[in-house]
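I have placed the structure first, in the form of structure tokens, so that the comments after it can refer back to it.
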Amino acid sequence: MASSSRATATVPLKKHDVFINFRGDNTRAGFTSHLYEALCRTSFQTYIDYKIQKGNDVWEELVKAIKQSTLFLVVFSDDYASSTWCLNELVEIMECHKIEQNNAIVIPVFYQIEPSTKLWS
């Protein structure tokens with residue numbers, strides 16, 4: 001038998017199927033929590049920010065979760081753009097999307113706003 005010495009590309013393992021980016025004040029208690037529960041019921045490993053342990057560096061935890069995710073749901077709501085946290089997460093998500101060369105999927109979700117709504121000035 002001849003042995004093959006093919007090099008195989010290593011693909012980093014992703015911990016989360018879905019990362020939800022959202023403005024908590026607008027959607028956490030209603031839409032986003034229902035979305036999260038629905039995704040979990042269908043066996044998607046879904047990350048949401050209340051999984052962060054107290055005492056941990058919040059930003060480091062969020063960046064780590066973003067890098068360990070495959071699909072991103074960006075929930076645009078009325079005050080989304082007024083949150084620097086949301087916008088910083090979105091920048092990280094788009095960087096991840098760029099680095100992954102389109103293997104990461106970003107899906108915008110418009111919650112109680114029209115897609116044509118101007119989110120920031």
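Values quoted throughout were computed directly from the atomic coordinates according to the rules given, and no laboratory measurement underlies them. In this text, all values refer to a predicted model and were calculated from it rather than measured experimentally. Cβ coordinates were reconstructed from backbone atoms using ideal geometry, including for glycine residues, and neighbour counts include every protein chain displayed.
Some observations on this one:
- Of the peptides 35-45, 86-96, the ranking by mean beta-carbon count within 10 Å, highest at the top, reads 86-96, 35-45.
- Close amide H pairs (under 5 Å, H built 1.01 Å from N) link Gln45 with Asp17, Val18, residues at least 5 positions away or on another chain.
- Straight-line cross-link reach from Lys67 at under 13 Å between alpha-carbon atoms covers these aspartates and glutamates, not counting any fewer than eight positions away in the same chain: Asp17, Glu89, Glu92, Glu95, Glu100.
- Rounded, prolate or oblate (a/c below 1.5 giving rounded, otherwise prolate when a/b exceeds b/c) for the range 57-98 by Cα gyration tensor: oblate
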